[in-house]
Amino acid sequence: MAACLNPPRLSSTEDDSVILFSTSNSPQDSISPSSSSFHHSPPPSLHQFRTAYKLSVRNLSYTLQPYKTTSFSFCHQSKTPEPLNILNSISFVTRSSEIVVVAGPSGTGKSTLLRIMAGRVKDEEFDPRSISINDLPMTSPAQLRKICGFVAQEDNLLPMLTVRETLLFSAKFRLKEMTPKDRELRVESLLQELGLLHVAHSFVGDEENRGISGGERKRVSIGVDMIHNPPILLLDEPTSGLDSTSALQVIELLSSIVKAKQRIVVLSIHQPSYRILQYVSKFLILSHGSVVHNGSLEQLEETISKLGFQIPTQLNALEFSMEIIRRLEDSGSMYETSIIEEKEPFPHLMWPEEENCGIQIAQSQCTKESFSSLCYAYLIEILFLCSRFWKIIYRTKQLFLARTLQALVGGFGLGSVYVKIGRDEGGVAERELPHLHSSWSLLPLLRILHSKGKHPKVLAFHVLRVPL
Ligand SMILES: Nc1ncnc2c1ncn2[C@@H]1O[C@H](COP(=O)(O)OP(=O)(O)OP(=O)(O)O)[C@@H](O)[C@H]1O
């Protein structure tokens, strides 16, 4: 632990000075000959302050327990469903500045692996010995949630917010300790990094109201989960639904981030192009929940040729490996590379003090937060949610008007029942009727509030669609 405690300090503005993505057309701005619009110009002195990270996954297994359903049948003995074994003893190690691709056939456990690494599982489903960062074991999913950024396959972006507002709301939730001015600076720098300055004031949009493009939307999703500058970023199929150029741009962006900021990126992907493969440091290929390859593209090509196959010219090694996945599964080549990784020394065991997601900070936040500070934090969150809610309502005036009219008409209709009601027994019975009606109309809300006695954030997600 002591080795982790004396990091060099970096202010948030210093850290943000690294420009990763630019919309400039100037040729000298570009570092990538292939595509693009990326450049990064870190001041040389900053490199010496960068902190290295090591993420180790050891024998991670995951079994899905069947839901306990109540059977109302007394005649037939209902068969209890078997537990579903999804992941079997997954092991791999990755370090700063690496992009790891998790690949494999559909339903093989890629998303499940990413969700566990991102701490999106229940406490009782989490094995505290399975994941460590900088050789410090992660003891709970909450700790992982603080340290890792997670971009899910489906985003939760609100169509009626602009790109800048979306990032600003994420900053308000995740960077509570920052001043509003610093948050705005962080958002501006992130907009620049992600190449989103030109759409900063455009609405995100959805299918009905056209907004920003698919690639830009994906970059906004990445920005939402990168706002607190997490050392590890996990992405579930960040290129799905994108054309090859946009997909390449997303991977180039991630590559720039990992290199300039010494981050770790782990992502799942289906059928990446040749040009995407060149940015990937390591491939973790899964089949039936087990690792069948853990290593570089060259090592994969070597394994394929050792098995006696020749990769067809129209396919890359990863695509071809999906075709011979059964043979790879039988060969069991992966363990050699993972063992080699384990023996490598890890030189930089330290954590940056200024990053709120540091492991010690995450640990203390998970255990020592007092009840009053939690209440205060929830109150602040509710205020942020209300302001966002009113902003959206204000922008959908017709809907707001329709709902207000509906409430007024309903209210007056219900109220008219009380007009000229007598004070005798019959009148009392007639008064009960509207009460009963309003109780029924409140049922959905009651159900949400009652639902599973959940965390207030989960309720907020149900009621207001807040990203967790
Ligand atoms: N909550 C759940 N309930 C039932 N089955 C589940 C659940 N979560 C995962 N599974 C099953 O576990 C397996 C792995 O799912 P997962 O989503 O991780 O696969 P994947 O490799 O990401 O698939 P894809 O590439 O199609 O997204 C699948 O067979 C899936 O049906």
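Take residue 159 and tell me if it is surrounded by fewer than 21 Cβ atoms within 10 Å (Cβ to Cβ), more than 16 Å from the ligand (Cβ to nearest atom), closer than 30 Å to residue 213 by Cα and of a type outside the set (S, T, N, Q). Working first, answer last.
Working: surrounded by fewer than 21 Cβ atoms within 10 Å (Cβ to Cβ): yes; more than 16 Å from the ligand (Cβ to nearest atom): yes; closer than 30 Å to residue 213 by Cα: yes; of a type outside the set (S, T, N, Q): yes.
Against the criterion (surrounded by fewer than 21 Cβ atoms within 10 Å (Cβ to Cβ), more than 16 Å from the ligand (Cβ to nearest atom), closer than 30 Å to residue 213 by Cα and of a type outside the set (S, T, N, Q)), residue 159 qualifies.
Kindly establish whether residue 271 is part of a loop (DSSP other than H, G, I, E, B), without any contact (Cβ under 8 Å) to a residue 12 or more places away in the chain and of a type outside the set (Asp, Glu).
no
Quick one: would you say residue 221 is surrounded by 20 or more Cβ atoms within 10 Å (Cβ to Cβ) and closer than 22 Å to residue 159 by Cα?
Numbers: surrounded by 20 or more Cβ atoms within 10 Å (Cβ to Cβ): yes; closer than 22 Å to residue 159 by Cα: yes.
When the stated conditions are applied, residue 221 passes them.
Being within 16 Å of the ligand (Cβ to nearest atom), at pLDDT below 95 and within 19 Å of the chain's Cα centre (by Cα) is the requirement here; does residue 172 meet it? Even if it seems obvious, please write down each step before you answer.
Values: within 16 Å of the ligand (Cβ to nearest atom): no; at pLDDT below 95: yes; within 19 Å of the chain's Cα centre (by Cα): yes.
In short, no.
Please state which one of 285, 251, 269 is touching a strand residue (DSSP E or B) at 6+ places or on another chain (Cβ under 8 Å), under 19 Å from residue 222 (Cβ atoms) and within 16 Å of the ligand (Cβ to nearest atom). Working first, answer last.
Details: 285 fails: under 19 Å from residue 222 (Cβ atoms); 251 fails: within 16 Å of the ligand (Cβ to nearest atom).
Result: 269 is the single residue among 285, 251, 269 that is touching a strand residue (DSSP E or B) at 6+ places or on another chain (Cβ under 8 Å), under 19 Å from residue 222 (Cβ atoms) and within 16 Å of the ligand (Cβ to nearest atom).
Determine if the range 366-375 includes at least one residue that is within 16 Å of the ligand (Cβ to nearest atom), modelled with pLDDT of 60 or more and outside any helix (DSSP H, G or I). Can you show your working first?
Of all residues in the range 366-375, those within 16 Å of the ligand (Cβ to nearest atom) come to none.
No.
Residue under question is residue 303, and the condition is that it be within 16 Å of the ligand (Cβ to nearest atom) and either open to solvent by 10 Å² or more (accessible area, probe 1.4 Å) or within 30 Å of residue 188 (Cβ to Cβ) (or both); does it hold? Break it down into steps so the answer makes sense when it comes.
Details: within 16 Å of the ligand (Cβ to nearest atom): no; either open to solvent by 10 Å² or more (accessible area, probe 1.4 Å) or within 30 Å of residue 188 (Cβ to Cβ) (or both): yes.
No, not satisfied.
Inside the range 175-207, can you point out the residues that are aliphatic (A, V, I, L, M), assigned to a loop (DSSP other than H, G, I, E, B) and closer than 20 Å to residue 380 by Cα? Lay out the reasoning, then the answer.
Within the range 175-207, the first condition is being aliphatic (A, V, I, L, M), and the residues that meet it are 175, 178, 185, 187, 190-191, 194, 196-197, 199-200, 204.
Subsequent filtering for residues that are assigned to a loop (DSSP other than H, G, I, E, B) retains 175, 178, 194, 196, 200, 204.
Those that are aliphatic (A, V, I, L, M), assigned to a loop (DSSP other than H, G, I, E, B) and closer than 20 Å to residue 380 by Cα: 175, 178.
If residue 145 passes every condition in (1) in a loop (DSSP other than H, G, I, E, B); (2) more than 10 Å from the ligand (Cβ to nearest atom) but one, which one does it miss?
(1)
Restricting to the range 96-121, and then to whatever is crowded, with 22+ Cβ neighbours inside 10 Å and part of a helix (DSSP H, G or I), can you tell me which residue is farthest from the ligand (Cβ to nearest atom)?
Among them, the one singled out is 117.
The values are calculated or read from the model by the stated rules, or taken from the named source; none is laboratory data. These numbers were taken from a predicted model, which means no experiment stands behind them. Glycine gets a Cβ as well: all are built from the backbone with ideal geometry, and neighbour counts include every protein chain shown. For accessibility, only protein heavy atoms count, side chains too; no ligands or nucleic acids. Shrake-Rupley method; radii C 1.70, N 1.55, O 1.52, S 1.80 Å.
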